[in-house]
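What follows draws every value from the coordinates through simple rules; no lab data is involved. These figures come from a predicted structure and were not determined experimentally. Reconstructed Cβ throughout: ideal geometry from the backbone, glycine too, with neighbour counts over all protein chains shown.
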Amino acid sequence: MPLSISDESKPQGLKATVPVMGTPMKVRLERYLPDLRWETTVVEDPNGGPVAKLSLRGEGLLQDVWLCARDRERQSISAHVGSVAIRELPGQTGTEVLQELTDPDVVGILLIWLSDTDSPLAYAVKPGKTVSLPRSPWKLSVLKYTPHYSVDRQTKEVTSLSDKPENPAVEIRVEGGKQEYRQWLWSLFASSPHQEQQLPFRARFVDFHPGTGAGRYILAAPEGSPSYLLHLKDGKKHIEQVEPGKRYPFEDGRYSFGVDEVRPGARVVTTWKEGSEVLLNPAVVATIIQSTSAQQVLLELGKPYHHKTSSGTLVVLYRRVPDSSKQ
C-alpha cells in the first residue's frame, strides 16, 4: 500500500488500515518515526534469571551488551573473533563441580531435583560416569554425549550433525531396584521435546562446551555464588572467577570484553522511543489485528517483520520510495 509522508524528517500520525488479502487480518498504520531508537534496560523479576553486562572493546568497537540466561535470543553473542555465552546454575553449585569442567572429557553439568523443595544436586557430566544419588535408591549413568543432536529419518538412530555444540544432549540411564529408565536430555530445552519415558525425578543438562578455538567463553552464573568464566587457554580448558575491571581477550587480540556486572533474578527489556527530527532510522508504528487480538509492531525500513499465526506467517515490509517529483 502506498503511504505518503509529507515531511520525512518529522514524526507524524498515520490513519490507514490495510486488509491482508485472503485472511481476516488487518494492519493498522499508526505513526511514522524518522529516527527510531531502541533502549535496553534491566528490571528485577522474581521469575527471572541471571543477566550479565559485557563491555566489548576493540578497533572500531565500543559497545555494551546484556546477556540473559533465560532468553534464548540473549543467551550468547558470537562473531568471527570469538563468543560469550551465559549459563544459569540454580541452587548451590560448588566450586568443586565447576573445577571439574576443566576435565577434557567433561561436557557440562547435570542438575537433579529429587523433590520439589530440595535444591538441585549438581554433577559434572562425563560419558561413562556413574553416580549414586544420596538419600535415594537411584544410580545414574551418563551413556552418551552428542554436540549436535539429530535423528536419522530413515534409521531413527540418534546422530550428531557436527562437532559444534549446536544442539548438545546427553543420554542417561537411571537404575533402582528392578526399575530402569533411559532418556535423552537437551541443554536447549528445559523438558524433553519428544515423548519418552519419564524419569522418577526432574533432571536438566547444562552444556559447557566452549568449542575448539580460542576466544570462546562460557559464563557460569551459580545462584548465590561468584561467577566463573570457562574458556580454552593454550589448548586446554581453563576456568577462573570473574574479576570486575579485567579484560578478557578474544581470538583476535585487538578485541576483548569485560564483565561489568552480573545480576540475579532479572530480565532484559528492550523498548523503543522517538529520536531526533532527522531522517536516520525511519520506521512505522503499526498494529496487526486478527479477530479479537491486536499486537503492536515496529516496521523498520527494509527489515521484514514476521508475524506468526496459526495458519502461517505474515511478512510485513516497509520500503521507502523517494518522491521523483522532488528530484
(request) Round to the nearest 0.05 the FRET efficiency obtained for S293 and K236 when R0 = 45 Å and r is the Cβ-Cβ distance. (result) 0.25
(request) Pop a pseudo-label 7 angstrom from the Cα along the beta-carbon direction at both L280 and F189 and give the gap in nm to one decimal. (result) 4.4
(message) With the crude spin-label approximation of a point 7 Å out along Cα→Cβ, what separation in nm comes out for T23 versus T117?
(response) 5.0
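Going by how many other beta carbons lie within 10 Å of each one, how would you line up W184, W272, fewest first? The partial results should precede the final answer.
Details: W184 20, W272 15.
Listed from fewest to most nearby Cβ atoms, that is W272, W184.
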(request) Would you mind telling me which residue in E180, E251, E157 has the biggest mean-square fluctuation in a Gaussian network model of the chain, where springs connect alpha carbons within a distance under 10 angstrom? (result) E157
(request) Please give the direction-averaged projected area of the C-alpha convex hull for the chain, in square nanometres with one decimal. (result) 23.2
(message) Counting other beta carbons within 10 Å of each residue's own, what order do I289, I172, I112 fall into, fewest first?
(response) I289, I172, I112
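Note the full-extension length gain between L14 and V158 as 0.36 nm times their separation in residues minus their Cα-Cα distance, in nm to one decimal. Don't skip to the end; give the middle numbers.
Values: separation 144, 0.36 × 144 = 51.84 nm, distance 5.36 nm.
Full extension from L14 to V158 adds 46.5 nm.
Provide the FRET efficiency to the nearest 0.05 for the H148-S4 pair, computing r from the beta carbons and using R0 = 41 Å.
Working: r = 50 Å, r/R0 = 1.22.
The value I calculate is 0.25.
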(request) For R72, put the label point 7 Å out on the Cα→Cβ axis and report which residues of the range 292-320 keep their amide N under 18 Å from it. (result) 306-314
(request) Given the peptides 114-126, 233-245, 198-210, arrange them by the average over their residues of other C-beta atoms within 10 Å, most packed first. (result) 198-210, 114-126, 233-245
(request) Indicate the gyration tensor shape class of the range 37-94 (rounded, prolate or oblate), computed on the Cα atoms with a ≥ b ≥ c the square roots of the eigenvalues: a/c under 1.5 is rounded; otherwise a/b larger than b/c is prolate and the rest oblate. (result) oblate
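Could you list L140, L133, L317 in order of exposure, starting from the residue whose Cβ has the fewest other Cβ atoms within 10 Å? Write out the running numbers ahead of the final one.
Working: L140 23, L133 17, L317 11.
Sorted ascending by nearby Cβ count, the order is L317, L133, L140.
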(message) At a threshold of 8 angstrom on Cα-Cα distance, excluding pairs fewer than six apart, so keeping six or more, what relative contact order does the range 53-185 reach in percent?
(response) 12
(request) Tell me the label-point distance for the pair S132, L314, using the 7 Å Cα-to-Cβ offset, in nm and rounded to one decimal. (result) 6.1
(request) Work from the charge dipole of the range 42-269 (Cβ charges, +1 for Lys and Arg, -1 for Asp and Glu, about the Cα centre) and give the residue of I86, I239, Q154 farthest towards its positive end. (result) Q154
